[in-house]
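Here is the structure we will look at, set down as structure tokens.
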């Protein structure tokens, strides 16, 4: 068995982002571990501990889909780029609601509109710096 899931890095906003995603997308936070209380545990190679109240590892579940994340110290943080979290819905109303939620405090890079391959398609970078690609698929494909 193999599990592939995006793991997003934040500069101290992981908890807020994952609570927002769980609420907006109807998910469940299954893990939310802080660096505090884990001082004796080794970090993965190349990792740097953030503040005690920041998130060492978080996971939110949307059905069979997982999204993972963690905080890194602000001086080690690099803004996310070179990818999008692709979110496909079965209807246009869900796509609009989700897109507008992600756009609140964020930046719309491609407005939500009808395209040849989907009822709606749009791109947005949310208030936490995460780039999203939102589609309402035709016929729920």
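Among the residues making up segment 79-100, a single one is in contact with a helix residue (DSSP H, G or I) (Cβ under 9 Å, 6 or more places away or on another chain), part of a helix (DSSP H, G or I) and surrounded by 20 or more Cβ atoms within 10 Å (Cβ to Cβ): 98. Every listed requirement among (1) at negative phi; (2) at pLDDT 90 or above is met by residue 82 save one, (1). Within segment 101-126, if we keep just the residues that are in a loop (DSSP other than H, G, I, E, B) and touching a strand residue (DSSP E or B) at 6+ places or on another chain (Cβ under 9 Å), the residue that is nearest to residue 26 (Cα to Cα) turns out to be 126.
If you go through segment 67-76 and keep only what is over 12 Å from the mean Cα position of the chain (by Cα) and either part of a helix (DSSP H, G or I) or surrounded by fewer than 21 Cβ atoms within 10 Å (Cβ to Cβ) (or both), you end up with 72, 73, 74, 75, 76. Taken over segment 9-66, the residue count meeting the criterion of being at pLDDT 95 or above, over 14 Å from the mean Cα position of the chain (by Cα) and either on the phi > 0 side of the Ramachandran plot or in a helix (DSSP H, G or I) (or both) is 0.
The values are calculated or read from the model by the stated rules, or taken from the named source; none is laboratory data. Note that the structure is a prediction, hence the values are computed from the model and not measured. Note that each Cβ is placed from the backbone with ideal geometry, even for glycine, and that neighbours are counted across all protein chains shown.
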